[in-house]
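Peer 1: First, the structure itself, so that you have it in front of you.
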There are 2 protein chains.
Amino acid sequence: MGPIVECVPNFSEGRRAWVLEDIADAARSVPGITFLGYETDEDHNRCVMTFIGTPGAIQEAAYRTCYRASQLIDMTIHKGEHPRMGAADVIPFVPVRDVTMEACVALAAEVGRRIGEELRIPVYLYGEAARDERRRDLAWVRKGEFEGLRDAIGCDPDRNPDFGPAKIHPTAGATAVGARFFLVAFNVNLKTPDLRVAKSIAKKIRTSSGGLPCVKALGMELHARGMTQVSMNLTDYRVTSPVKVLEEIRHLAAEAGVEVVGSEIIGFVPAEAMIRAAAESLQAEGFHANQVIENRLEHS
Amino acid sequence: MGPIVECVPNFSEGRRAWVLEDIADAARSVPGITFLGYETDEDHNRCVMTFIGTPGAIQEAAYRTCYRASQLIDMTIHKGEHPRMGAADVIPFVPVRDVTMEACVALAAEVGRRIGEELRIPVYLYGEAARDERRRDLAWVRKGEFEGLRDAIGCDPDRNPDFGPAKIHPTAGATAVGARFFLVAFNVNLKTPDLRVAKSIAKKIRTSSGGLPCVKALGMELHARGMTQVSMNLTDYRVTSPVKVLEEIRHLAAEAGVEVVGSEIIGFVPAEAMIRAAAESLQAEGFHANQVIENRLEHS
């Protein structure tokens with residue numbers, strides 16, 4: 001089938017549609033890229049684009065979007081609620097199929113090097129691609145945002161970029177380039193309007209309060225349906241799968257006398273996550289991904 | 001992603017390895033074919049091959065295997081326990097991805113026509129490709145086997161082939177060409193050595209005794225593990241899924257005071273079957289196959 005990587009760059013523009021279309025076209029122009037769409041937030045004045053392709057294509061497309069963003073977005077006049085430090089603010093590479101995390105880390109380093117050297121934008125490697133343990137955390141990389149980094153870079157050695165000049169780009173700022181695993185957005189709906197139940201379950205299952213590994217969770221209201229929801233990001237479905245999470249929430253909900261009425265998978269999910277979920281819930285002994293007939297295709 | 005069809009031809013040869021390799025090579029020689037393997041049975045003196053590919057490639061590969069089989073297998077000296085009427089005995093086309101049953105029926109007709117006209121082998125369209133309701137049933141098409149059909153063809157109008165001469169091929173016999181849905185071989189293991197429990201559950205769930213639709217089921221012993229098994233073929237996982245079947249068996253086993261210890265998926269399964277199973281067991285509301293990121297690939 002061949003390797004597929006996802007790129008989910010974030011740009012500091014959420015209002016000027018023509019700018020976003022121009023940046024999107026920069027990705028679409030690369031052969032081997034499937035452009036999946038983008039979501040904008042006007043208050044954040046920010047946009048998240050999603051595209052997939054072969055490692056070679058994704059590298060070129062990511063670079064081109066950063067290049068166009070650096071020409072079209074001026075950070076000195078950018079305002080928005082979301083923390084940001086550059087025109088192309090964050091560029092993560094995500095393994096989807098037949099590609100390792102190491103390969104995505106290498107992609108991040110190569111794209112980061114090009115952005116630094118050719119566009120003269122300081123680049124920080126983050127997430128799995130970080131070369132400094134502290135830089136794994138994007139919030140740490142981005143602290144002070146564009147304005148704070150402009151002052152700190154070149155003075156504070158902690159803020160030395162991995163690539164490019166130790167000097168902020170006057171309009172395009174700085175860019176974080178990295179690698180991470182696929183995020184699965186998974187929500188479980190509870191048949192109760194009582195938000196406390198959802199919040200209590202969210203707290204029990206999320207990693208940050210000692211719950212399951214690789215789970216971020218919040219309790220939310222679903223006003224229109226008179227229900228509540230445990231809204232989650234699963235940061236590694238191989239470690240904690242949606243099946244495991246659902247089972248755990250079912251158990252906790254039952255203890256609270258509440259029924260689970262269903263779930264939602266938001267946005268995209270890799271086929272592998274669904275195939276694993278099926279094998280897990282069927283308790284299919286010895287099941288191997290190479291039993292999936294399409295996984296055997298040499299030509300597709 | 002593009003359409004993918006599976007072909008699972010059965011040949012009346014299960015002993016001479018060089019013959020099988022020669023026939024397999026005929027399929028492998030077609031660009032766009034992924035040859036997945038074959039299984040032989042010496043007692044049946046029969047072989048089942050599996051290959052997948054684009055509709056154009058699968059059509060050519062199926063024809064070439066039939067051609068080689070007709071040159072290498074002599075039905076006048078063939079002996080084996082399994083019912084059979086031709087060198088290439090049965091050639092089914094199975095939709096795997098992005099292809100309709102109608103397209104597979106059309107493939108069967110086109111390949112059948114070529115086999116009939118070019119190889120002068122009488123061809124019967126069966127299964128979904130049948131043009132006579134009775135010919136949907138392969139057993140009906142094959143009754144009397146090679147020897148019986150040799151006498152009946154040309155006399156009994158019910159045995160007139162859909163393509164080719166109304167006269168048996170002297171050595172290659174006759175061939176059934178058809179289309180069917182993907183078979184999922186799915187077994188559920190019971191924590192009891194009592195075969196009666198497995199047999200009773202199999203009887204309750206199989207279609208032929210008024211159980212679930214599209215389910216064939218038998219009770220089997222798993223001697224080595226001291227357990228028993230409900231061994232099934234799901235003939236349309238869209239109608240009755242493995243999730244549904246497992247739930248039903250769990251329920252029936254509980255009534256008998258027996259525990260379900262796991263399941264097995266034997267051989268190949270389409271990604272779609274696993275993706276549907278995951279969505280079903282997660283009760284994922286509104287889930288659509290286009291959320292599976294690989295399904296969006298324009299280039300792969």
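Every read-out reported here was derived from the displayed coordinates using simple, explicitly stated rules and does not represent laboratory data. The shown structure was predicted, so the numbers you read here are calculated from the model rather than taken from an experiment. A quick note on method: Cβ atoms are made from the backbone with ideal geometry, for glycine too, and the neighbour counts reach across all protein chains shown.
Peer 1: Could you list the trypsin sites (Lys or Arg not before Pro) in region B:193-300 that lie in coil according to DSSP, counting only those with at most 13 other Cβ atoms within 10 Å of their Cβ?
Peer 2: Hits after loop and neighbour filter: B:R238.
Peer 1: Helix B:55-72 against the longest principal axis of chain B: what's the angle in degrees, Cα atoms only, rounded to the nearest 10?
Peer 2: 60
Peer 1: For B:K191, what charge total do you get from the other residues with a beta carbon under 11 Å from its beta carbon, if Lys and Arg give +1 and Asp and Glu give -1?
Peer 2: -1
Peer 1: Nearest-5 percent of antiparallel DSSP beta bridges in chain B?
Peer 2: On the way: 43 of 52 bridges.
In chain B, approximately 85 percent of DSSP beta bridges are antiparallel ones.
Peer 1: For region A:191-300, with only Lys/Arg (+1) and Asp/Glu (-1) charged at the beta-carbon, what is the dipole magnitude about the Cα centre, in debye rounded to 20?
Peer 2: 460
Peer 1: Further question on the same structure: Averaging sequence separations of C-alpha pairs under 8 Å and six or more residues apart, then dividing by the length of chain A, give the relative contact order as a whole percent.
Peer 2: Details: 646 pairs, mean separation 46.3, N = 300.
Averaging sequence separation for qualifying contacts and normalising by length gives 15 percent for chain A.
Peer 1: Continuing with the same structure: For region B:150-231, what is the charge dipole size about the Cα centre, in debye to the nearest 20, if Lys and Arg each add +1 at the Cβ and Asp and Glu each add -1 at the Cβ?
Peer 2: In debye, rounded to 20, region B:150-231 gives about 440.
Peer 1: Classify region A:1-147 as rounded, prolate or oblate from the Cα gyration tensor: take a ≥ b ≥ c as the square roots of its eigenvalues, call it rounded if a/c is under 1.5, otherwise prolate when a/b beats b/c and oblate if not. Write down the numbers at each step before the final one.
Peer 2: On the way: a/c = 1.72, a/b = 1.19, b/c = 1.44.
Here region A:1-147 falls in the oblate category.
Peer 1: Averaging the inverse of every distinct alpha carbon separation and then flipping it gives the Kirkwood radius. What is it for region B:130-285, in angstrom units?
Peer 2: On the way: mean 1/r = 0.0553 Å⁻¹.
For region B:130-285, inverting the mean 1/r across all distinct Cα pairs yields 18.1 Å.
Peer 1: Using Cα atoms only, what is the angle between the long axis of helix A:17-28 and the major principal axis of chain A, expressed in degrees (0 to 90) to the nearest 10?
Peer 2: With both axes taken from Cα atoms, the answer is about 80 degrees.
Peer 1: Continuing with the same structure: Distances from B:E42 to the same residue in each other copy, label points 7 Å out along Cα→Cβ, in nm, shortest first?
Peer 2: Spacings between copies for this position, smallest first, are 7.7 nm.
Peer 1: May I pose another question? If each DSSP helix of 4+ residues adds -39,500 (n - 2.57) and the sum is divided by the residues in the protein assembly as shown, what number results at 222 nm, nearest 500 deg cm²/dmol?
Peer 2: One gets -10000 deg cm²/dmol as the mean residue ellipticity at 222 nm.
Peer 1: Roughly what angle does helix A:195-205 make with the longest principal axis of chain A, taking Cα atoms, 0 to 90 degrees, to the nearest 10?
Peer 2: 80
Peer 1: Another question, then. What is the set of long-range amide H partners of B:G86 at a cut-off below 5 Å, with H atoms built 1.01 Å from backbone N?
Peer 2: Result for B:G86 returns B:A174.
Peer 1: How long is the gain from B:E285 to B:E21 if the chain were fully straight, where each residue apart is worth 0.36 nm and the alpha carbon distance is subtracted?
Peer 2: Extra length from B:E285 to B:E21 when fully extended: 90.3 nm.
Peer 1: Another question, then. If one computes the Cα centroid of region A:166-188 and of region A:85-137, what distance in Å separates the two points?
Peer 2: Computed from Cα coordinates, the inter-centre distance equals 8 Å.
Peer 1: Enumerate the amide H contacts of B:G262 below 5 Å, restricted to partners 5 or more residues apart or on another chain; note that Pro and chain-start residues carry no placed amide H.
Peer 2: Correct list: B:N189.
Peer 1: Right, next: If you take the charge dipole of the protein assembly as shown about its Cα centre, with +1 on Lys and Arg Cβ and -1 on Asp and Glu Cβ, which of A:T228, B:V197, A:A69 is farthest toward its positive end?
Peer 2: The residue sitting most towards the positive pole is B:V197.
Peer 1: What's log10 of I(q)/I(0) for region B:1-85 at q = 0.25 Å⁻¹, Debye sum over Cα points only, no solvent?
Peer 2: Results for region B:1-85 at q = 0.25 Å⁻¹ read -1.18.
Peer 1: Over all directions, what mean area does the Cα convex hull of the protein assembly as shown project, stated in square nanometres?
Peer 2: Mean projected area of the Cα convex hull: 31.8 nm².
Peer 1: Taking the Cβ of B:G116 as the centre, find all other residues whose Cβ is under 15 Å away and add up their charges (Lys, Arg: +1; Asp, Glu: -1).
Peer 2: +3
Peer 1: Report P(r) for region A:123-178: all Cα-Cα distances, bin width 10 Å, range 0 to the bin holding the largest distance, values in whole percent.
Peer 2: With 10 Å bins starting at 0, P(r) equals 27, 61, 12.
Peer 1: Further question: For chain A, report the translational diffusion coefficient in µm²/s to the nearest whole number, using Stokes-Einstein at 37 °C, 0.692 mPa s, and a Kirkwood Rh over Cα pairs.
Peer 2: Value of D from the Cα-based Kirkwood radius: 159 µm²/s.
Peer 1: Right, next: What ³J(HN,Hα) values, in whole Hz, does the Karplus curve 6.51 cos²θ - 1.76 cosθ + 1.60 give for region B:289-297 when θ = phi - 60°, with x put for Gly and Pro?
Peer 2: Running phi through 6.51 cos²θ - 1.76 cosθ + 1.60 with θ = phi - 60° gives 4, 6, 7, 6, 4, 5, 5, 8, 4 Hz.
Peer 1: Normalising by the residue count of region B:43-132, find the relative contact order in percent from Cα pairs under 8 Å and 6+ residues apart. Before the final figure, lay out each step's value.
Peer 2: Numbers: 66 pairs, mean separation 24.3, N = 90.
Across region B:43-132, relative contact order equals 27 percent.
Peer 1: Can you list, shortest first and in nm, the gaps between the label point of B:H82 and those of its counterparts in the other copies, using a point 7 Å from Cα in the C-beta direction?
Peer 2: Distances to the matching label points in the other copies: 5.8 nm.
Peer 1: Distance check, please: which entries in A:K79/A:K216; A:K244/B:K199; A:K203/A:K244; A:K79/A:K143; A:K244/B:K204 exceed 20 angstrom between their Cα atoms?
Peer 2: Violating the 20 Å limit, Cα to Cα: A:K79/A:K216; A:K244/B:K199; A:K244/B:K204.
Peer 1: Oh, and also: Non-local amide H neighbours of B:V215 (under 5 Å, H modeled in plane, Pro and chain starts lacking H): which ones?
Peer 2: B:T207, B:T235
Peer 1: Separate question: Mind listing which GluC sites (Glu not before Pro) in region B:112-180 are in a DSSP loop and have 15 or fewer other Cβ atoms within 10 Å?
Peer 2: none
Peer 1: Could you work out the relative contact order of region A:162-257? I mean the mean sequence separation of Cα pairs under 8 Å and 6+ apart, divided by the number of residues, in percent.
Peer 2: Once normalised by length, the contact order is 29 percent.
Peer 1: Could you tell me the center-to-center distance, by alpha carbons, between region A:17-35 and region B:275-300 in angstrom?
Peer 2: What the calculation gives is 25 Å, centre to centre.
Peer 1: In addition: Along its three principal axes, how long is region B:77-159 when you only count alpha carbons? Whole Å, largest extent first please.
Peer 2: 41, 28, 26 Å, listed from the longest principal axis down.
Peer 1: Provide the net charge surrounding B:C104, with neighbours chosen by a C-beta distance below 11 Å and charges set as Lys +1, Arg +1, Asp -1, Glu -1.
Peer 2: Result for the local shell: -3.
Peer 1: Hey, another quick one. With a ≥ b ≥ c the root eigenvalues of the C-alpha gyration tensor of region B:209-285, is it rounded (a/c under 1.5), prolate (a/b larger than b/c) or oblate?
Peer 2: prolate
Peer 1: Place a +1 charge on the Cβ of each Lys and Arg in the protein assembly as shown and a -1 charge on the Cβ of each Asp and Glu, then give the dipole magnitude about the Cα centre in debye, rounded to the nearest 20.
Peer 2: In debye, rounded to 20, the protein assembly as shown gives about 620.
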